[in-house]
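The values are calculated or read from the model by the stated rules, or taken from the named source; none is laboratory data. Computed from a predicted model, the values in this text were never measured in an experiment. Note: ideal-geometry Cβ built from the backbone for every residue, glycine included; neighbour counts use all protein chains shown.
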Amino acid sequence: MKSEQKETSSKREDARASEKKDVDLRNRYVAGLLAWLVPGMGHVYQRRYFKGAIFGLSVWLLALAGIAMGSYYVTSPDDGVKRLYLARNVYCSWRPGDLRLAFIPQSGVGFYAIPALAQYRAAKDANLDESYEQEKDYSVRALAFAPPQLPAEYHSRANQPTQNEIAARLNSWLDVGLLYTMTAGMLNFFAIFDALGGPSLFEFEEEEEDEKKKKKSKSESESESDKDKE
């Protein structure tokens, strides 16, 4: 009985050792950065293609669906050109009157967190600029992922819609798209954690369970031996 237990435990240890050799996390910090920038890419970099496909597909579907729900077109009354207001539910803002806490979970996805941070910086710079040139820019580069216009920013950011205008255009899609993008960010945080830690975290839990079983079997065998002596 004892020999069989030793053989099974040794087989398990050999299997775990072989799994550790097979899973090469490469540079885990590079993998974590890639997983943040492009969901799924960190696992592809680690050659963990199945997990990369699962995480990438899940996050991308949620993120793109949320961005689509938060986007709308407006036809210009001057020249009749359609202007795309892209992802008005994804933006960064720490301004008085617009503390954007929803951006914290949204920041888990780097491909829209980076332009949102850049747009927030541009909004701060526009308020300090007296030339007001940005108000004439209605390109996607200026309108996408930008924070909405506050009442004090009318002269410096007249090209940006207000929160009320965005809510009137999107209606309930604004909140649903916000939920989708927040969920995508939170899910990608788990993907980043997995790219950094790998399966070793779960193996550590299995090792603890095996140690508990060994201690239990050892105590049982010692109690049986004590009974035999008696």
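For the stretch 35-68, filtered to residues that are aromatic (Phe, Trp, Tyr) and within 12 Å of the chain's Cα centre (by Cα), the residue that is surrounded by the most Cβ atoms within 10 Å (Cβ to Cβ) is Phe55.
Ala191 falls short on exactly one of the conditions (1) assigned to a loop (DSSP other than H, G, I, E, B); (2) buried (at least 18 other Cβ atoms within 10 Å of the Cβ); (3) of a type in the set (Gly, Ala, Ser), and that condition is (1). The set of residues in the stretch 61-82 being β-branched (Val, Ile, Thr) and not in a strand (DSSP E or B) consists of Ile67, Val81. For Tyr120, the criteria (1) more than 15 Å from Leu187 (Cβ to Cβ); (2) of a type outside the set (Lys, Arg); (3) in contact with a helix residue (DSSP H, G or I) (Cβ under 7 Å, 6 or more places away or on another chain); (4) surrounded by 17 or more Cβ atoms within 10 Å (Cβ to Cβ) hold in every case but one, which is (3).
Applying the condition of being at pLDDT 90 or above and polar (S, T, N, Q) to the stretch 117-164 and asking which residue is farthest from Leu101 (Cα to Cα) yields Gln160. Evaluation of Ser71 against the conditions (1) modelled with pLDDT under 95; (2) of a type in the set (S, T, N, Q); (3) surrounded by 10 or more Cβ atoms within 10 Å (Cβ to Cβ) shows that the sole unmet condition is (1).
Quick one: which residue in Val90, Val81 is surrounded by 17 or more Cβ atoms within 10 Å (Cβ to Cβ) and among the aliphatic types (A, V, I, L, M)? Unique residue meeting the criteria: Val90. Ala144 meets each of the listed conditions (1) without any contact (Cβ under 8 Å) to a residue 60 or more places away in the chain; (2) buried (at least 20 other Cβ atoms within 10 Å of the Cβ) apart from (1).
When Ala87, Ala126 are screened for being part of a helix (DSSP H, G or I) and touching a helix residue (DSSP H, G or I) at 6+ places or on another chain (Cβ under 6 Å), only Ala126 passes.
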